[in-house]
Every structure is written in structure tokens, then in C-alpha cells.
Amino acid sequence: MAMDLIDIDGSFGEGGGQIVRTSLGLSLLTGRPVEIRNVRAGRGKPGLLRQHLCALRAATEIGEAEVKGAALGSTFVRFVPKSIKSGRYSFDVGSAGSATLVLQTVLPALLSADAPSELTITGGTDNPFAPPIDFLKFAFAPLLARMGGDLKLDVERRGYYPRGGGRFIATITPGALKPITLTDPVEHRVSAIAYIAGLKKSIATRELNVLREAFSLTRDQMRVVELDANWGPGNTLSVSLEASGVTEIVTGFGEKRVRAETVAERVAEEARAILDAKVPVGEHLADQQLLLCALAGGGSFLTLPPSLHTRTQATVLKRFLPVEIDLREVDASRWRVTVS
Amino acid sequence: MNKPITLIGLLGTTLDGAKGKKRWERWRPTVSLFQHEDLLIDRLELLHEERFESLGEIVEDDVLAVSPDTKVKRHHVSFGDAWDFESVYATLHDFARGYVFRDDREYLVHITTGTHVAQICSFILTESRHFPARLIQSSPPRPRSAGGPGSFEIIDLDLSRYDRIAQRFRQETDEHLSFLKAGIETQNDAFNKLMEQIEHVATASVDPMLLMGPTGAGKSQLARRIFQLKKQRQKVSGDLVEVNCATLRGDHAMSALFGHTKGAFTGAQKERPGLLRAANKGLLFLDEIGELGLDEQAMLLRAIEQKVFLPVGADREVESDFQLIAGTNRDLRAAVTKGEFREDLLARIDLWSFTLPGLRDRREDIPPNLAFELDRCGARMNTNVTFNAEARKRFLDFAMSESASWRGNFRDFGAAITRMATLAPGGRIDVATVDDEIARLQESWGGAASSGGDDHEALHEVLGDAADALDLFDRVQLAEVIRVCRASKTLSAAGRALFAESRKKRKTANDADRLRKYLGKWSLTFDQVTAR
């Protein structure tokens, strides 16, 4: 593979940290050096933030990379990886960044390494604006397994903003990915879990009541999980939409000054869109499925109209990998994504 | 590459003080600074009283939880009263002095936590660069219930927009020092250091002070300023009493100093309190203390130590509480050896002894003193006295040269300025006035010095302005060579005179050649030197 330097304009598309992380992850995977300019150029606090530095540091360690611009506020990063070094790693990101984002950055490369890896990551597991750990464990990992990859997640403790302190161990066993086709409309089974840490249990039951009414859930489709109060306060409402072996997870987080019912209604609305469209892949899984298809060299799936996030992902993927990505509208609520 | 940042801050016992699970729902200034996505603090130096140990531990743990790469070091400090300016300042000052600040790090001083007094002290110590740091201020989220780390602002006092604040602080510290120096911008390091010491002692001590130095060095002036400084700082409530002991001779001395009762001796028609009692709760300046008689010295010692003494003719001791400043131009130790001065009195008064340099030892202070004296004359004469540029240069060249001995120091200097100011046509001192004054000064300092002026002239005649650039070493030598040449008919004759001693020891000598080579060093010939 050519080792030409890939030049990425960080202000492009969604223009946030996602471009940075995806570019780093793909550079690490392909061994192609990358330069990212205009990092988060349009944002209020432009340049790299602490959470991006955490991801960059993890990628640097695993890739034994040479790096320029690894500083807070830097709007330019040059990343030149040397290898993909599998093994045991431990990363502590505090509450500054999501622990799951660090895993996502390095996962593609470790899936194609020559030996398994074990990553212990400490930090926030349930942060807004990042994939929650339940999404990775119950939606992403099973899908990856179906395609031939192996990611095991052992959640020791959940960590909420601002305290952080969550910890999970990710065991990654490399394997060649096979393309998969998920293009048929599906009927979902809905279930929900409300996690609560250091807050009143009634918050969880009020959230579940909203979902029960919205989706006619039975008691065995709902669970309240009470976590160690010392690691609170925190509340996650996790709704699982499962159909023919593929699961999408929709998540809501309890917030100060926001009623439990409101949190649940937002989640219900998002879940309802997927149920009504009968798509196997929702908005969150679409980004990841796009990546997995690109790694497998092909595949297609039916999903909701693509977000700016997904379109940005597609553009960055095409820069690094020899793939064509076709986003095609099927009808008002459904699009078909094809990777070849 | 950014330098790693160290944060120095006080534990906020109120704002940082949340305990229990709910603490994560509260905004805590110290912890909040570690939660910002765009601020990465490498190290925290957290200062707190020992009794807040458990709170300090919580804050340390929570900082580590949100920012695992940060190293936290806690320091126990003891403010005593956290609202007492002096003790807080001293404590923070000690910390700053003892802390090793490194060039490869950046420092931030957190001013949001601690009492207002602590905040002010942190500010002052940062402004004075005891903390080579920028200030950081943290603010809660708006509205507070919105959650999150809030905001922060970094204030760099080195930036010019903060100059005015900085100036205000600097001015205050400088004022006292400047006061002792009568506002004269003196340049001499040793003198400035001396003034700093005197300032400290004058403010802090009520023990006697001894001002040594040649006559006219400014001892009385300084004593007056010390008094005013003490008065300003409310260290004395009484008056300044000044007396030159040289004027207190004989029987008269005792009663002048210690007073007498009515009828104590012939002519003592009324009671006299004496100078010591006049200085009660004030300051007594005894100039030329070496001139005091031995009896008076004994009485004075008792008055300093016991604060009581016996007036002439009295049978009961009286009290007076004064601070003594003694002045002397004599070597009191030598006077002790000769039995003219009491050793115990010297030991008592030279606890704080300061030697004022003579004017010739601080020539760089002549220009600022010239400006000061001119102002003083102008004020006294009700007119503005100035030099013209050439005259000013002529006078300063002379005044700062080695040929000006300034035997009478500031007394001579002040007198010279006063004479020139008085004689100056229309208040403007010209070259003629300066030349006359230089001649007058040289005459008063006697023969040896007067040749200095001639030397200067002779060198100027042969070298022009280059003469000003000569070192004293060369100037003296060359001037004498010129003098001998001019007194000799030929180069050889001059050579013989100049090298007479070596001639005696050697058989042959080419004195003329040696002289020619010496003159050649200055690109001069015998003819040039002797042509007038």
C-alpha cells in the first residue's frame, strides 16, 4: 500500500472531533501517515481538546507513531504510525473524555493486528455526545461478531460526567471481516434498562413508565439497575431495539433540571422513528456499520436518512480505504447504504 | 510545544468544601479547573491548613478522578488568622520563597479561593514576581444550576493593560525609600542598599542608631528624614531634637543636655528641662557624639538604658523616653582606645551603625543631586535656576572627576551650587560662572588638587576631546610627561629627566627613544606637546 501522506481538512463536514478520531484510527489501521489541518476550526474552543489528546495518545502508543501538534489547542496534527502493536494497554482518560471514544479510535487497527489485545480504559462510560458502553456491548459487539470480528467488553463500573471513574476491559481478537447484508425491513422487539447511581429509584421507574405506555412493554421487558451510589450521580435510560439478531440501542441521560418523563419521552421519540421505519440499523449504528462494511470491503444496510455525522464518516473512509460508498434514498424515512 | 502548567492555589474551605455524594452536583472552584476541556493542568500545589486535611484529601481524590494525569501535592500552611493581612502575606511569601520555580514550566495562581485577604496577597506576590505566574480566576456556571465546570479567565499581569495596577503597587513601596533620599534618584548601589537598610531599621527598631561618615556626607539631613518617616508611620509622637555635641563644651554641656533645677548654679535663675526631656517620645539626634565629655557620656548611657537621668542640681531622677540617633565623623573605636570615648556607650549605640559614603565615593549620584540642589536654590531664591548645556557639562566633568576631592562633601557641593546660582546672570549659570567656581573649589581644597585642573587643560591642549576618554592611570602619567616636556628644551633633556633613576643603574640608555615611543602611543610628538 502506498505510504502517501493523507491530508485531511478538519473543518470539513461535521467538523468536530469525529474527523480527528476517525482519521487517526484509519491512519493507524492502514499505516498511512495523516496530516489534519483546521482541527475543529469552527468551534468556540478550536483545536484539540483534552478528550482528543487522550485518543491521540492511545493511537500514538499502539502505533508507535511520530506525532506533531499533540498539544492542547493545536489546530494541526501530523500522525505517522510505524506499526500496530497488539498487547495489553491501560488508558485513563478521567472525565475529560469518553472512555468509549478512545476504544473506537484504536479498535479498527487492533482488529487487524496479528495478535489479541486487552485494553483497560478508565473514564466516562456514559457520556452525552459519545457512544454509551451499552451501545458498544449490546449493539456494536454482536454485529461485529456476526461479521467475524471479536470484541468482548467487561464493564467493571459505569462512570458518569463529571466524576468519571468508570472502567471496562475490552478484549479484541483479530479476524477477517466478512461483508454482511441487512437490507430487509424488520419488526423490532423493544426492551429497556434504566440505570441509576446515587439518585432516587423513582427516577428510573418514572422513565420506564413512559416507555411502557409508549411501546406497551411488559414487566419482563423492563429493568431497573441500581449502581454504586458513590460513583454517582448518574442515570442512563437504555432502549434496545432487536430484530433478527441485530440490535440498535437508543440512549437517554438524566440531566439536572430535566424531568425523568422528558428524558424518557426523547428516547421514546428516537426509538419510535426506527420502529416506524422498520430499519435494522438506526442512526448510531449506521456510523459504525459503515466503518465495519468498509473494513470488510463490502456490504449494505437499510437505515434512517443519514446524518451529517454519517456523511462525514463516509468521506473520511473513502480517503483511506479503497471503497465506494453509495447512499441512496429508498423512501422518505429510509435510505440504503452500499459499500463496495 | 506548550509548557506543562502548574496550578498553585488555596483550598477554598467554603466553595471547595462540599462533602458527600452531593459534592459532584456543586460547583467547586478548585476541582472545576480540572474539568475544562481546553485547560490541561499538569500539577496542583494545593495549600491548606492542617485542620482541613480531610477536605484536602477529598479535593485531591476528585481532582485525580477528573484529571488522572495531574500530580497533586498538598502543602500544610498556617495562616493563624486567615483575615490577618500580615500573617497571610508572610505565609504565602514564605511558600513562594521556598518553592522551586522552573523555567520549563508555566505557573498559574488561583485567586478564586481563600479569603479576600489571601486573594489580595496572592495578587501582590504575583505582581511582584515572587510567584512568576499568571493569575487564574474561576467562575461558576451561569446559572449555577446549569452544572458543568463554569468558566475561567487567565490574567497576565505582565500585559501592559495591567501596568497601571502594577505601577500603583510599585509606587507605594518606592515612596518610603525615595523619602529617605529626599526624592533624589540616586544611582549608587551601595548607597541605595544602605538607604533600604536604614528604612527597615527606622521602621522596625527603637534602639539607638549610629550614623558615621565624613563631615558633610548628609548625616543631619538623614536624621531629619528618619524622623519624618517615623512620624509618618506613627512610630514617634514627640519632636526631633538636634544638637551638635561640638557646641556643648564645659559646664554648659551637662545642663543643656540633662537640664537643671532653679538655682542649681550661679546664673540658673529658672529651671531648664534640657534637650533629653525635650525629645521625650521623639527623637534625639546628637551629631559629633565623639565630642561629648566623659561625664556626659556616662549620664547619656544611663538615660538610654534606664530612660532616667538626674538633671543638674536635682535630687530626683526624671524620665524621658526618646530614640537616640548619634552622628560621628571620628573613628570612635580609636577614641575608645585613647580613653576619650566610653566603650560601653559605643557598644550601646553601634547596634545599628551605618556609614554614609562621602561624595567622592558616589560620583554617579552627583547629577541627580545637582538637579536636587538647583531646585532647592531656586525655591529659596524664588526663581528658576538652570545651567546652559555647556556649563552643565563643564561643571559635571569637573565634579565627577578624580581631581575634585569634595573634601567637605555635600556641604561643599551645596555651597558651590548656591554660589553659582546666586552669581548666575539672570538665573542661568554659564561657563564663566562655572570656571570661577571650579577655581574657588580647587583653591579651598588646597594645592595638590589644583594641579588637577591644569592637567586637565594641558591634556586637552594636546589631545583635544580624546583627553576625556583617558583612564585616570593614563591621565596622571601623560599629564606629568607633558609637564616635564614643556619644562625641557629638547626631547633628550625631557627623556633624561623622566628616566633619571633607571639611568643611574645602566651604562647606556636611549631615554629620548623611550620617551618618543611613549608619546607615539598617543600619536604625539615632542614638538606637538611643547607647542603652545
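The values are calculated or read from the model by the stated rules, or taken from the named source; none is laboratory data. These figures come from a predicted structure and were not determined experimentally. Cβ sites come from the backbone with ideal geometry, for glycine too, and all protein chains shown count toward neighbours.
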Restrict the check to the range B:79-98 and report whether at least one residue is surrounded by 14 or more Cβ atoms within 10 Å (Cβ to Cβ) and within 14 Å of another protein chain (Cβ to nearest Cβ). no
Can you find a residue that is within 14 Å of another protein chain (Cβ to nearest Cβ), more than 21 Å from A:Asp92 (Cα to Cα) and surrounded by fewer than 18 Cβ atoms within 10 Å (Cβ to Cβ) anywhere in the range A:29-43? yes
Scope the range B:47-64; condition in contact with a strand residue (DSSP E or B) (Cβ under 6 Å, 6 or more places away or on another chain) and either assigned to a loop (DSSP other than H, G, I, E, B) or surrounded by 21 or more Cβ atoms within 10 Å (Cβ to Cβ) (or both); matching residues: B:Leu47, B:Gly56, B:Val63
Residue count for the range B:28-45, restricted to those that are touching a Lys or Arg at 6+ places or on another chain (Cβ under 6 Å) and within 13 Å of chain A (Cβ to nearest Cβ): 3
May I ask you to say which residue of A:Ile84, A:Ile19, A:Ile62 is crowded, with 19+ Cβ neighbours inside 10 Å and assigned to a loop (DSSP other than H, G, I, E, B)? A:Ile84
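Of everything in the range B:1-46 that's assigned to a strand (DSSP E or B) and touching a His at 6+ places or on another chain (Cβ under 8 Å), which residue is surrounded by the fewest Cβ atoms within 10 Å (Cβ to Cβ)?
In the first step, residues of the range B:1-46 are kept if they are assigned to a strand (DSSP E or B); the result is B:5-10, B:43-46.
Subset that is touching a His at 6+ places or on another chain (Cβ under 8 Å): B:7-10, B:45-46.
Working: B:Leu7: 24, B:Ile8: 25, B:Gly9: 25, B:Leu10: 28, B:Glu45: 18, B:Leu46: 21.
Selected residue: B:Glu45.
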Output the residues belonging to the range A:65-86 that are over 22 Å from A:Asp7 (Cβ atoms) and more than 22 Å from the chain's Cα centre (by Cα). A:Leu72, A:Ser83, A:Lys85
With the requirement that a residue be more than 14 Å from chain B (Cβ to nearest Cβ) and surrounded by 15 or more Cβ atoms within 10 Å (Cβ to Cβ), what does the range A:247-261 give you? A:Thr247, A:Glu248, A:Ile249, A:Val250, A:Thr251, A:Gly252, A:Ala260
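Yes or no, residue by residue, for (1) modelled with pLDDT of 90 or more; (2) surrounded by 15 or more Cβ atoms within 10 Å (Cβ to Cβ); (3) within 14 Å of another protein chain (Cβ to nearest Cβ):
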| position | (1), (2), (3) |
| --- | --- |
| B:His116 | no, no, no |
| B:Cys121 | no, yes, no |
| B:Arg129 | no, no, no |
| B:Ser145 | no, no, yes |
Residue check: is A:Phe168 of a type in the set (Phe, Trp, Tyr), within 20 Å of the chain's Cα centre (by Cα) and either away from chain B (no Cβ under 14 Å) or more than 19 Å from A:Glu242 (Cα to Cα) (or both)? yes
B:Ala278 fails exactly one of the following numbered conditions: (1) modelled with pLDDT under 90; (2) surrounded by fewer than 21 Cβ atoms within 10 Å (Cβ to Cβ); (3) more than 19 Å from B:Ala335 (Cβ to Cβ). What is the number of that condition? (1)
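Of all the residues that make up the range B:66-78, how many are within 14 Å of chain A (Cβ to nearest Cβ) and either in contact with a Lys or Arg (Cβ under 6 Å, 6 or more places away or on another chain) or closer than 25 Å to B:Ser128 by Cβ (or both)?
Within the range B:66-78, the subset within 14 Å of chain A (Cβ to nearest Cβ) is B:66-72.
When the remaining residues are screened for being either in contact with a Lys or Arg (Cβ under 6 Å, 6 or more places away or on another chain) or closer than 25 Å to B:Ser128 by Cβ (or both), the result is B:71.
Qualifying residue count, the range B:66-78: 1.
Taking the range B:310-336, which residues are out of contact with any strand residue (DSSP E or B) (no Cβ under 6 Å at 6 or more places or on another chain) and closer than 22 Å to B:Thr215 by Cα?
Taking the range B:310-336 and keeping what is out of contact with any strand residue (DSSP E or B) (no Cβ under 6 Å at 6 or more places or on another chain), we get B:310, B:314-316, B:318, B:320-321, B:329-336.
Once the filter is applied, which keeps residues that are out of contact with any strand residue (DSSP E or B) (no Cβ under 6 Å at 6 or more places or on another chain) and closer than 22 Å to B:Thr215 by Cα, the range B:310-336 yields B:Asn329, B:Arg330, B:Asp331, B:Leu332, B:Arg333, B:Ala334, B:Ala335, B:Val336.
Regarding A:Leu110, is this residue farther than 29 Å from A:Asn235 by Cα, more than 13 Å from the chain's Cα centre (by Cα) and aliphatic (A, V, I, L, M)?
Details: farther than 29 Å from A:Asn235 by Cα: yes; more than 13 Å from the chain's Cα centre (by Cα): yes; aliphatic (A, V, I, L, M): yes.
Spelling it out, A:Leu110 is indeed farther than 29 Å from A:Asn235 by Cα, more than 13 Å from the chain's Cα centre (by Cα) and aliphatic (A, V, I, L, M).
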Filter result (under 22 Å from the mean Cα position of the chain (by Cα) and among the aliphatic types (A, V, I, L, M)) within the range B:400-426: B:Met400
If a residue has to be in contact with a strand residue (DSSP E or B) (Cβ under 7 Å, 6 or more places away or on another chain) and either more than 18 Å from B:Pro208 (Cα to Cα) or aliphatic (A, V, I, L, M) (or both) to count, how many in the range B:223-257 make the cut? 8
Within the range B:272-331, count every residue that is among the aromatic types (Phe, Trp, Tyr) and under 13 Å from B:Ser255 (Cα atoms). 1
With the condition kept exactly as written, say whether any residue in the range A:157-164 is part of a helix (DSSP H, G or I) and either under 18 Å from the mean Cα position of the chain (by Cα) or on the phi < 0 side of the Ramachandran plot (or both). no
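Of everything in the range B:99-114, what is within 14 Å of chain A (Cβ to nearest Cβ) and of a type in the set (D, E, K, R)? Give them in sequence order.
If the condition is that a residue be within 14 Å of chain A (Cβ to nearest Cβ) and of a type in the set (D, E, K, R), then B:Glu106 is the only one that fits.
Do we have any residue at all in the range A:56-73 that's closer than 25 Å to A:Ala115 by Cβ, among the basic types (Lys, Arg) and within 14 Å of chain B (Cβ to nearest Cβ)? Show your work before the answer.
Filtering the range A:56-73 down to residues closer than 25 Å to A:Ala115 by Cβ leaves A:56-67.
Restricting the remaining residues to those that are among the basic types (Lys, Arg) gives A:57.
If we keep only those that are within 14 Å of chain B (Cβ to nearest Cβ) too, we end up with A:57.
Yes, the range A:56-73 contains a residue that is closer than 25 Å to A:Ala115 by Cβ, among the basic types (Lys, Arg) and within 14 Å of chain B (Cβ to nearest Cβ).
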The number of residues in the range A:97-126 that are assigned to a loop (DSSP other than H, G, I, E, B) and either assigned by TED's automatic domain parsing to the domain that holds A:Val250 or free of Cβ contacts under 8 Å to residues at least 60 places away in the same chain (or both) is 4
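What tally of residues in the range B:333-344 results from selecting those that are surrounded by fewer than 22 Cβ atoms within 10 Å (Cβ to Cβ) and in contact (Cβ under 8 Å) with a residue 24 or more places away in the chain?
4
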Any residue at all in the range B:10-20 that is away from chain A (no Cβ under 14 Å), among the acidic types (Asp, Glu) and under 45 Å from the mean Cα position of the chain (by Cα)? yes
If you go through the range B:317-368, how many residues are closer than 30 Å to B:Ser403 by Cβ and under 22 Å from the mean Cα position of the chain (by Cα)? 18
Is there a residue in the range A:130-137 that is assigned to a strand (DSSP E or B) and more than 14 Å from chain B (Cβ to nearest Cβ)? no
Given (1) modelled with pLDDT of 75 or more; (2) in a helix (DSSP H, G or I); (3) within 14 Å of chain A (Cβ to nearest Cβ), index of the condition B:Phe152 fails: (2)
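List the helices (runs of 4 or more DSSP H) inside the range B:309-407, counting only whole elements, that have at least 3 residues being touching a Leu at 6+ places or on another chain (Cβ under 9 Å), over 30 Å from B:Leu257 (Cβ atoms) and not small (Gly, Ala, Ser). Please lay out each step first, then the result.
Working: elements: B:332-337, B:343-349, B:366-381, B:389-399.
Of the helices (runs of 4 or more DSSP H) lying wholly inside the range B:309-407, those with at least 3 residues that are touching a Leu at 6+ places or on another chain (Cβ under 9 Å), over 30 Å from B:Leu257 (Cβ atoms) and not small (Gly, Ala, Ser) span B:366-381, B:389-399.
Take B:Leu478 and tell me if it is under 29 Å from the mean Cα position of the chain (by Cα), at pLDDT 85 or above and assigned to a helix (DSSP H, G or I).
On the way: under 29 Å from the mean Cα position of the chain (by Cα): no; at pLDDT 85 or above: yes; assigned to a helix (DSSP H, G or I): yes.
Judged against the criteria, B:Leu478 is not a match.
Select from the range A:262-288 the residues that are of a type in the set (Val, Ile, Thr) and more than 17 Å from A:Arg223 (Cα to Cα) and write down the one among them that is surrounded by the most Cβ atoms within 10 Å (Cβ to Cβ). If you could, list the steps in order and put the result at the bottom.
Kept after step one, since they are of a type in the set (Val, Ile, Thr), are these residues of the range A:262-288: A:262-263, A:267, A:274, A:279, A:281.
Okay, now just the ones that are also more than 17 Å from A:Arg223 (Cα to Cα), so A:262, A:274, A:279, A:281.
Numbers: A:Thr262: 15, A:Ile274: 26, A:Val279: 30, A:Val281: 25.
Only one residue fits best here, namely A:Val279.
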